[in-house]
Amino acid sequence: MSDAQPVISCRNVWKLYGPKPAAYFAGRTAAGSFEDIRRDGYIAAVRDVSLDIARGEMLVVMGLSGSGKSTLVRCMSRLIDITGGTVLVEGADIAKMDERALIDLRRRKMGMVFQSFGLLPHRTVLDNVAFPLEMRGQDRHTRRERALEVIELVGLKGREDYFPRELSGGQQQRVGIARSLAIEPDIWFLDEPFSALDPLIRREMQDEFLRLKQMLGKTSVFITHDFDEALRLADRIAIMKDGAIEQCDTPDQIVMHPATPYVAKFTEAIEKSRVIRARALARPGVAEGQALAADATLHELARQIASDARALIPVSEADGRMLGLLDRAAALDILFGASA
């Protein structure tokens, strides 16, 4: 996922709500806590956020209701204007774009999926998916061919002529995903897209999303309040509280090394062996013999680790390259609990 230039770069981004946010922000002498700012009559929906998102990365932004996660993503796409800081998309400062350039950026580069499906009830699946291409001015034949292609991609082939009312909730969400993919976006914003679905359909949609992620390699920002969902989907997780990012790191590191007590609360009920992968415990070194798969979780490797008598077990990448050595005792502590 490395790239010389981040696809999205946020630097000291603020979004304040109140009577005169720009003037208040300009007159501050110190950053101020969330409560300090609230006492001054303002809400810091996003507070001094800096992060980079690499090409092909899936960043999951999570937090409780009101933490600022949806506001942050709307700042990244300039659905709302920021109060301070900078948001760069592929090196361009989106705050400096005029309306025409901004619309063009969204139409060419950005796909968006929201919790509410937002389907047009009087249009078929095919016409719903083709709608953004129609807005782009593409001819009927071209947009139909592209719509059919993405409808098949999300598993709805054969339902092109159905209306939204004839589909299940999961199928309607697939239409929303297909519609966002129709424009072939480089950047994909998803704001709690599965939260309205029942648990079984939600799991199915997560599986579908993981398949699309692997196949398409989009740069994605996915909002959720569900930590299990974040752990399952993310390359990195950004946990927000009161408009600020408490920690932004890989799922392994967040579970093993929570940066704050607030982050620790999110992880305390998680079975760590189902999250931590062998690569997270690998340290420099080389050894002979059977190796553990770097991207497998400790839970998946439990039998192999328990039956291997070596104190240090080699860990290898999928292509056979040696990554390092795993401390068997440390892995067993995570699997079965550290001894008193």
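Before moving on, here are some points about what is shown:
- Estimated [θ] at 222 nm from DSSP helical runs (n ≥ 4, -39500 (n - 2.57)) normalised by residues in the chain, nearest 500: -10500 deg cm²/dmol
- Ranking of E99, E152 by count of other Cβ atoms within 10 Å, fewest first: E99, E152
- Calculated FRET efficiency for the pair F114/A318, C-beta based, R₀ 41 Å, to 0.05: 0.70
- Cross-link partners of K69 among aspartates and glutamates (Cα-Cα below 14 Å; sequence separation of 8 or more within a chain): D48, D191, E192, D226, D242, E246
- Here the chain carries DSSP beta bridges of which approximately 55% are antiparallel, counting only pairs with both residues inside.
- Cα gyration tensor, region 182-340 - rounded (a/c under 1.5), prolate or oblate: prolate
- Each of K241, K157 was scored by other Cβ atoms within 10 Å of its Cβ. Arranged with the fewest first, they read K157, K241.
- A simple spin-label model places the labels of T29 and S307 6.9 nm from each other, with each point 7 Å out along Cα-to-Cβ.
- Across K96/K213; K15/K213; K213/K241; K157/K213, pairs whose alpha-carbon gap is larger than 21 Å: K96/K213; K15/K213; K213/K241
- Beyond 16 Å, the tail of the calculated P(r) for region 33-102 holds 56 percent of the Cα pairs.
- Within the set (i) 29.6, 115; (ii) 19.9, 62; (iii) 22.5, 70, the number that Rg and Dmax of the Cα atoms in Å takes when calculated for this structure is listed as (iii).
- Under 16 Å from the Cα of K109 - lysines, other chains or at least 8 residues apart: K218
- GNM flexibility winner over the chain from A44, A311, A238 (Cα, springs under 10 Å): A311
- Beta bridges by DSSP in region 273-336, antiparallel share as percent, to the nearest 5: 80
- Region 131-189 and region 233-247 have Cα centres lying 30 Å from one another.
- Cβ-placed point charges (K, R +1; D, E -1), dipole of the chain about Cα centre in debye, nearest 20: 580
- Computed over region 273-336, the ratio Rg/Rh where both radii use C-alpha atoms and Rh is Kirkwood: 0.91
- GNM top mover of S70, S273, S33 - the chain, alpha-carbon springs below 10 Å: S33
- Here the relative contact order of region 273-336, from alpha carbon pairs under 8 Å that lie six or more residues apart, stands at 40 percent.
- Theoretical FRET efficiency, 1/(1+(r/R0)^6), r = Cβ-Cβ of H257 and L148, R0 41 Å, to 0.05: 0.30
No lab work stands behind these numbers, since they all come straight from the coordinates. Model, not experiment: these values are computed from the prediction. Using ideal geometry, Cβ is built from the backbone for each residue, glycine included, and neighbour counts are taken over all protein chains shown.
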